[in-house]
Amino acid sequence: MRLRLTIVTCLLLLSLAATSCGYRFGHGGLPTQYRSITVPYAEGDLDGSLTAEVIRQFSTAGAFEYRRCGGDLILNIKVLDFGDEDIDFRYYRNKEGKRTSETIPVETRLTVLVEVVVIDAATGVSVLGPARIEDYTDFDHDYYSTRDAVNVFSLGQLTDFDEAYDAAQRPLNQSLAKKIVNYVCDSW
């Protein structure tokens, strides 16, 4: 009786240790069944930077061979929502440097929501998804205005906000692309 209890306890501890390390029983994920992937231009990706980053992340991950066309899998990405919201403010100071009751934004959050579907290229059947993946990034910026609340850089030049907005899109795309690649590579 004591031997059985010891064996059962050891088996229980062994299975607990195996599952806590991320081991899963089954036939494996998509990388064990498919070798290559094609990533068409993401719908709603205005400048192509998200698509390029997803391709770069797949090439770095090594789970699939990236092919421009003719991959075993096709990854369709659709940008559902891209937005920004002001999340931090400060009081505006007038020409004399005195604080007014007016607040101005100094930190903004960019948020993007995409839908991801992985399709078997041979059959045209969805093998994964659709799934919604969301990510965000925050960035600081300055705000300069004149007495009439017209931005001082509004004569066709970029403002600090515009430059910060553009600069924040790169880390946002990198983070989102990593989430997409992890979703595709680690799904069972």
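The values are calculated or read from the model by the stated rules, or taken from the named source; none is laboratory data. In this text, all values refer to a predicted model and were calculated from it rather than measured experimentally. Here the Cβ is made from the backbone with ideal geometry for all residues, glycine too, and neighbour counts use every protein chain on show.
Structure above, values below:
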quantity: Residues of region 142-156 satisfying the condition of being touching a Phe, Trp or Tyr at 6+ places or on another chain (Cβ under 9 Å), modelled with pLDDT under 70, not aromatic (Phe, Trp, Tyr) and not in a strand (DSSP E or B); calculated: VAL152
quantity: Residues of region 1-47 satisfying the condition of being at pLDDT below 75 and part of a loop (DSSP other than H, G, I, E, B); calculated: MET1, CYS21, GLY22, TYR23, ARG24, PHE25, GLY26, HIS27, GLY28, GLY29
quantity: Tally of residues being within 19 Å of SER187 (Cβ to Cβ) and in contact with a Ser or Thr (Cβ under 6 Å, 6 or more places away or on another chain) across region 84-142; calculated: 4
quantity: Unique match (being surrounded by fewer than 16 Cβ atoms within 10 Å (Cβ to Cβ), at pLDDT 90 or above and of a type in the set (Val, Ile, Thr)) among VAL181, VAL117; calculated: VAL117
quantity: Test: residue in region 120-136 that is assigned to a strand (DSSP E or B), over 18 Å from ALA42 (Cβ atoms) and either at pLDDT 90 or above or touching a Gly at 6+ places or on another chain (Cβ under 6 Å) (or both); calculated: yes
quantity: Yes/no for LEU75 being in a strand (DSSP E or B), within 16 Å of ALA177 (Cβ to Cβ), touching a residue at least 12 places away in the same chain (Cβ under 8 Å) and within 21 Å of the chain's Cα centre (by Cα); calculated: yes
quantity: Count of region 91-119 residues which are assigned to a strand (DSSP E or B), in contact with a Lys or Arg (Cβ under 9 Å, 6 or more places away or on another chain) and more than 23 Å from GLU134 (Cβ to Cβ); calculated: 8
quantity: Answer residue from region 60-83, given it is exposed (fewer than 15 other Cβ atoms within 10 Å of the Cβ) and of a type in the set (Asp, Glu) and is farthest from CYS185 (Cα to Cα) among those; calculated: ASP81
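Every residue, every condition in (1) among the polar types (S, T, N, Q); (2) closer than 22 Å to ASP135 by Cβ, yes or no:
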{"position": "THR32", "(1), (2)": "yes, no"}
{"position": "SER49", "(1), (2)": "yes, yes"}
{"position": "GLN57", "(1), (2)": "yes, yes"}
{"position": "ARG68", "(1), (2)": "no, no"}
